[in-house]
Amino acid sequence: MENQNAIEVRNMSKSFKVEYDKAHTLKEKMLFWHRGNSEVHQVLKDISLDIKKGETVALIGTNGSGKSTLLKLMTRIIYPNSGSIKTYGKVTSLLELGAGFHQDFTGRENIYFNASIFGLNRSDIEKRIQQIIDFSELGHFIDNPIRTYSSGMYMRLAFSVAINVDADILLIDEILAVGDQHFQDKCYAKLEELRDSGKTIVIVTHSLGVVKQLCHRAIWIYKGEFRLDGDPTYVIDEYLKQVALDHKQEQKEAIAKGKAVHRGVVFIDRPKDFSNIKLTNENFAVEGWEISNCEEAQLKVLFDGKLVEEVKRVPRLDVYEAYQDDYAGFIDADTIGWKAFVSLKGQKTGEHKINVQCIGLNDEILSEKEIQISLS
């Protein structure tokens with residue numbers, strides 16, 4: 001054992017057996033003995049890693065990648081099929097909302113019940129109970145049955161107990177996504193305090209901003225396999241690149257099977273609708289942005305029905321951040337924006353139309369935006 005390690009995972013694999021059409025009674029087993037089939041679902045494959053004492057580490061990955069299963073294995077709620085997981089120190093966890101709570105007990109009674117599971121005796125709990133109640137901000141609700149609590153109240157109580165049992169290792173799943181912004185901020189501030197005090201924290205979250213702010217390391221689990229471990233900013237960047245590639249492939253397959261369609265969005269930022277443009281200039285600029293999940297899509301800018309030839313692509317990070325989840329893999333922050341220059345030579349005063357189109361396959365218009373301006 002390395003003395004500086006809080007958690008050691010060695011060549012660990014985990015699978016689950018999934019059974020279909022399973023018989024539940026003796027009669028069903030006799031009548032339908034030939035029915036039922038099963039398959040083995042491999043969740044984690046040959047994972048090896050160390051988490052040092054005092055580190056705050058995030059496990060990141062898409063849904064179904066195995067990160068929550070890995071966290072449960074660290075708590076010994078479930079056990080690996082092969083390999084080993086060792087923890088050194090007292091462990092506390094926040095994995096599922098309300099886990100360890102009894103619905104008919106009051107919040108106060110559940111504090112005693114839950115804290116005793118984490119290894120505190122009655123004397124220790126009584127010394128900390130008011131601190132737990134104050135942090136939870138439940139007030140008089142603490143003496144109401146747990147079944148009357150909202151999901152946010154569950155989370156407040158569960159988190160308050162977990163951080164006050166003086167554990168060496170704190171394991172947290174996505175539970176902090178529940179609750180109002182005020183209490184979430186309070187929880188993350190407390191986690192920073194625990195991190196700075198030398199506690200070991202392992203957190204599963206999709207809040208990548210939190211990972212960068214809170215964690216020393218990020219570990220990326222991809223389709224049940226260890227992919228990357230290191231500085232959060234770098235690991236997250238590589239993770240998002242893979243997410244974009246996977247999303248792009250999924251969308252292309254769905255479109256090919258007729259389960260999805262090509263779509264797009266175009267927008268004109270400047271000039272605004274009904275703007276007045278002076279003819280004293282040689283030209284004027286039309287600016288906007290365009291996105292699409294069709295790789296062959298083309299942008300067309302038309303002035304009074306005539307194609308504008310001079311169009312260049314420009315960066316639009318704001319649009320990329322807004323649409324990166326929906327169009328991951330199909331958009332580039334450096335080319336989302338566009339700027340077209342319309343010549344005013346020979347133009348007449350009066351009303352004119354600017355039409356912008358996102359054209360897909362077979363000249364299909366995926367999106368269109370039109371505005372009216374006047375020249376004077």
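Quick rundown of the values:
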read-out: Residue match in segment 92-109 (condition: modelled with pLDDT of 90 or more and aliphatic (A, V, I, L, M)); value: no
read-out: Leading residue by the ranking (surrounded by the fewest Cβ atoms within 10 Å (Cβ to Cβ)) among those in segment 56-74 that are part of a loop (DSSP other than H, G, I, E, B) and in contact with a helix residue (DSSP H, G or I) (Cβ under 9 Å, 6 or more places away or on another chain); value: Thr62
read-out: Candidates Asp269, Asp237, Asp246 - the one that is in a strand (DSSP E or B) and out of contact with any helix residue (DSSP H, G or I) (no Cβ under 8 Å at 6 or more places or on another chain); value: Asp269
read-out: All strands (runs of 3 or more DSSP E) inside segment 296-353 with 2 or more residues being open to solvent by 80 Å² or more (accessible area, probe 1.4 Å); value: 311-314
read-out: Residues (of a type outside the set (Asp, Glu) and not in a loop (DSSP other than H, G, I, E, B)) located in segment 249-266; value: Gln249, Gln251, Lys252, Ala254, Ile255, Ala256, Gly264, Val265, Val266
read-out: Long-range neighbours under 6 Å by Cβ, at least six apart or interchain, first residue farther than 18 Å from Thr69 by Cβ and without any contact (Cβ under 8 Å) to a residue 12 or more places away in the chain within segment 218-238, second part of a strand (DSSP E or B) and not hydroxyl-bearing (Ser, Thr, Tyr); value: Leu228/Trp220
read-out: Filtered residues of segment 75-96 (kept if crowded, with 17+ Cβ neighbours inside 10 Å and within 22 Å of the chain's Cα centre (by Cα)); value: Ser93, Leu94, Leu95
read-out: Options Ser207, Ser123, Ser160: the member that is open to solvent by 30 Å² or more (accessible area, probe 1.4 Å), among the hydroxyl-bearing types (Ser, Thr, Tyr) and under 22 Å from Thr75 (Cβ atoms); value: Ser207
read-out: Filtered residue count, segment 76-127, keeping only those that are acidic (Asp, Glu) and within 24 Å of Ile203 (Cα to Cα); value: 1
read-out: Residue selected from segment 22-41 under the condition under 26 Å from Gly224 (Cβ atoms) and open to solvent by 80 Å² or more (accessible area, probe 1.4 Å), by the criterion modelled with the highest pLDDT; value: His41
read-out: Only one of Thr280, Thr233 that is over 29 Å from Ile203 (Cα atoms), among the hydroxyl-bearing types (Ser, Thr, Tyr) and open to solvent by 40 Å² or more (accessible area, probe 1.4 Å); value: Thr280
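The values are calculated or read from the model by the stated rules, or taken from the named source; none is laboratory data. This one's a predicted model, so the numbers in the text were calculated from it and none came from an experiment. Virtual Cβ from ideal backbone geometry, glycine too; neighbours counted across all protein chains shown. Accessible surface areas use protein heavy atoms only, side chains included; no ligands, DNA or RNA. Shrake-Rupley method; radii C 1.70, N 1.55, O 1.52, S 1.80 Å.
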